[in-house]
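Asker: After the structure tokens below, expect a handful of questions from me.
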Protein chains: 2
Amino acid sequence: MSSEPLFGTVCFIGIGLIGSSLARVIRRDGLAREIVACARRQETLDKTMELGLADRVTTDPAEAARGADLIVICSPIGTYGAIAQAIAPVLQPGQVVSDVGSVKQAVIAAVAPHLPEGVAFVPGHPIAGTEHSGPESGFDTLFEGRWCILTPQPGTDEAAIDKVAELWRRAGSRIDRMDASHHDQVLAITSHLPHLIAYTIVGTVFDLETSTSQEVIQYSASGFRDFTRIAASDPVMWRDIFMNNREAVLEMLGRFSEDLSRLQRAIRWGEADVLEDLFTRTRDVRRSIVDAGQG
Amino acid sequence: MSSEPLFGTVCFIGIGLIGSSLARVIRRDGLAREIVACARRQETLDKTMELGLADRVTTDPAEAARGADLIVICSPIGTYGAIAQAIAPVLQPGQVVSDVGSVKQAVIAAVAPHLPEGVAFVPGHPIAGTEHSGPESGFDTLFEGRWCILTPQPGTDEAAIDKVAELWRRAGSRIDRMDASHHDQVLAITSHLPHLIAYTIVGTVFDLETSTSQEVIQYSASGFRDFTRIAASDPVMWRDIFMNNREAVLEMLGRFSEDLSRLQRAIRWGEADVLEDLFTRTRDVRRSIVDAGQG
């Protein structure tokens, strides 16, 4: 594609699976004149240069952000506050800050207060990923056909929102816009709770007597395997998600635990109809997902 | 392949995903001179004939089993006792009975007492499957590279065990032999508990307010989707599994619930290190599974 670049300079603060995938899209389609990448570890930056994903790299967020038209924070959510503080002094009106974090209320609370007047903050969350991490894991089709949710606060410059939305559209995403608190509830059940459960059961197996846990690995194709893939996701990223979407996750976890107790009781007391009834209903949910094109 | 048939007549009692896949293998490689299929519903039998998977079909288990060299029970576990009773009067010494059920102690208890002297019972469990059901869902590569666990009781005719093992080897499976009670424990954690958890969380979503559950479907790619696939498995088959592997499932469920409560507490109290520590360890389990060729 040889379209006019959407941006002069795009700056990535954090360049792992998501950041590097978006950088690949920008490179592929010429959506920016320059890409700047910032990471804490020099090793990550060396890899980024080696992959040709950035024109300039630095370990200093302020140096990376200076003069960039768009700054996309792609690091674990726990780092956002410090990053916003670090880049705030160099930001100028007209620059746009965005991010890709899986929690949005906490992100807004951590970033927005630091940004100077005239700098737009357009929080974003691409619903895409794999269990792999690092700039070498990214690929330019990661976002194709996937949703990207934007959660700008009321009063945010609409032109800035449009530019961020257009970038994601170019990456192949469908765009949705919603309130940050609603986003956090929806993601608590679609993503955060499933991950928590997967981490838990894989940990439960880890604690089994050694001989049994080797057999579990051997026979993992019978269901457990799907959980291990989810539970191989980036540990620091997920630690920060749970620390930052505490209330919504605890609410959904409460519902789940009640429902699990009910099934536990049905198994103990031999209530076959309770099980069959639920198992029949859950089939329909799968059909809806396949029909929605997300299967 | 044009090898000598392993069997004269093979009889399937129940011919869904697993039975029809094995029938396809037998057809493909000419492993039996004749295939007989039995099912409760005429519709299933019509479909089986239409697919060319059987030479004869009947709704009467005794008629199907009469004279067959190998009888493979492939119906939900809850039907086994009645099937064993129905076929017992026509069985003759030298015939071999096997099955594909996901629970083995309860299956032995339901079937073995009915079998006449000289009829070998070789319980089997192929660790393979999809979320689809019915004879039209099977395919002849389903068992390739997958394990098949045999759990014959001590004293079972070794020649009969060998023949059943050879059939599964021809299907591409690797064979393991273990005690039925050990099998049930290993499967409780690798398969039964993961399914129970997946059914539960999909049910939890089902009970959410309608608007939210539509969004859950829309954003399912973020983790929930994997659970819906598991939770779309056959309801009656799974009801019977939980009814018949009660103790092992309740034991594993107890461990899981304790571990989940610990994480719940860590989230509530902001114990980030507890989460990060677990999430880091679970990554290693995934690596072991990938290394074991089951990823």
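Asker: Tell me, what ³J(HN,Hα) does each residue in the range B:83-100 have, in order and in whole Hz, if you take phi through Karplus 6.51 cos²θ - 1.76 cosθ + 1.60 with θ = phi - 60° and put x for Gly and Pro?
Answerer: Along the range B:83-100, the couplings run 5, 4, 4, 5, 8, 3, x, 9, 6, 10, x, x, 6, 10, 10, 9, 7, 10 Hz.
Asker: Over the Cα atoms of the range A:182-291, what is the Rg over Rh ratio if Rh follows Kirkwood?
Answerer: 1.00
Asker: Could you compute the FRET efficiency for B:Arg177 and B:Val90, with r as their C-beta to C-beta distance and R0 at 35 Å, rounded to 0.05?
Answerer: That gives a FRET efficiency of 0.75.
Asker: Can you list the lysines whose alpha carbon sits under 21 Å from that of B:Lys163, skipping same-chain ones fewer than 8 residues off?
Answerer: Of all the lysines, those that pass the test against B:Lys163 - Cα under 21 Å, at least 8 places apart if same chain - are B:Lys104.
Asker: Using 0.36 nm per residue, how much length does the chain from A:Arg262 to A:Asp46 gain when fully extended, once their Cα-Cα distance is taken away?
Answerer: Residue separation times 0.36 nm, minus the Cα-Cα distance, leaves 72.5 nm.
Asker: If you don't mind, there's one more thing I want to ask. Can you sort A:Ser288, B:Ser222 from fewest to most other Cβ atoms within 10 Å of each residue's own Cβ?
Answerer: In order of increasing Cβ crowding within 10 Å: A:Ser288, B:Ser222.
Asker: Rg and Dmax of the range A:95-178 over Cα atoms: what are they, in angstrom?
Answerer: Gyration radius and largest Cα-Cα distance of the range A:95-178: 13.2, 38 Å.
Asker: Hey, another quick one. Rank these for me by crowding, B:Trp269, B:Trp168, going from fewest to most other beta carbons within 10 Å.
Answerer: Listing B:Trp269, B:Trp168 from fewest to most nearby Cβ atoms yields B:Trp269, B:Trp168.
Asker: The range B:217-290 to the range A:20-81: how many Å between their Cα centroids?
Answerer: 35 Å
Asker: Quote the relative contact order of chain A in percent (integer), defining contacts as alpha-carbon pairs under 8 Å separated by 6+ residues.
Answerer: 16 percent
Asker: Given Cβ point charges of +1 (Lys, Arg) and -1 (Asp, Glu) and nothing else, what value in debye, to the nearest 20, does the dipole of the range A:50-120 about its Cα centre take?
Answerer: Charge dipole of the range A:50-120: 180 debye, to the nearest 20.
Asker: Would you work out the relative contact order for the range A:191-281, in percent, from Cα pairs under 8 angstrom that are 6 or more residues apart?
Answerer: Reported as a whole number, the value is 31 percent.
Asker: Based on the alpha carbon coordinates of the protein assembly as shown, what radius of gyration and maximum Cα-Cα distance (Dmax) apply, in Å?
Answerer: Both quantities, over Cα of the protein assembly as shown: 27.5, 89 Å.
Asker: R0 = 51 Å: FRET efficiency of B:Ala62 with A:Glu209, Cβ-based, nearest 0.05?
Answerer: Approximately 0.70, to the nearest 0.05.
Asker: For the protein assembly as shown, what is the charge dipole size about the Cα centre, in debye to the nearest 20, if Lys and Arg each add +1 at the Cβ and Asp and Glu each add -1 at the Cβ?
Answerer: Dipole magnitude for the protein assembly as shown comes out near 320 debye.
Asker: If you don't mind, another one. Given label points at 7 Å from Cα along Cα→Cβ, what nm distances, shortest first, separate A:Ala159 from the same residue in every other copy?
Answerer: The projected label point of A:Ala159 is separated from its counterparts by 8.9 nm.
Asker: Rounded to two decimals, what is Rg over Rh for chain B when you use alpha-carbon atoms and the Kirkwood radius?
Answerer: Rg divided by Rh gives 1.02.
Asker: Please report the net charge: other residues with Cβ closer than 15 Å to the Cβ of A:Lys163, K and R +1, D and E -1.
Answerer: So the environment of A:Lys163 carries a net charge of -4.
Asker: Here's another thing I want to ask about it. What translational diffusion coefficient, to the nearest whole µm²/s, does the range A:1-150 have by Stokes-Einstein, given a Kirkwood radius computed over alpha-carbon pairs, a temperature of 4 °C and 1.567 mPa s viscosity?
Answerer: Approximately 85 µm²/s, per Stokes-Einstein.
Asker: Let me ask another. Which percent, to the nearest 5, of DSSP beta bridges fully inside the protein assembly as shown are antiparallel?
Answerer: Approximately 10 percent, going by the DSSP bridge assignments.
Asker: Report the residues of the range A:43-76 in range of a label on A:Leu250: point 7 Å along Cα→C-beta, backbone N strictly under 17 Å from it.
Answerer: Counting backbone N atoms under 17 Å from the label point, the list is empty.
Asker: Under 5 Å between amide hydrogens, which residues at least 5 positions from B:Ile127 or on another chain qualify, with H placed 1.01 Å from N in the peptide plane?
Answerer: Placed amide hydrogens put B:Trp147, B:Cys148, B:Ile149 under 5 Å from B:Ile127.
Asker: Right, here's the next one. What percent do you get for the relative contact order of the range B:7-178 when only Cα pairs under 8 Å and 6+ apart count?
Answerer: Answer for the range B:7-178 is 23 percent.
Asker: Next question, about the same structure. Other chains' Cβ within 10 Å of A:233-244 residues: what's the mean?
Answerer: 5
Asker: Mind sorting B:Arg177, B:Arg146, B:Arg239 by how few other Cβ atoms lie within 10 Å of their own Cβ, fewest first?
Answerer: B:Arg177, B:Arg146, B:Arg239
Laboratory data are not the source of any read-out in this text; all were calculated from the coordinates shown. Values in this document were obtained by computation on a predicted structure and should not be read as measured data. Positions of Cβ are backbone-derived with ideal geometry, glycine not excepted, and every protein chain shown enters the neighbour counts.
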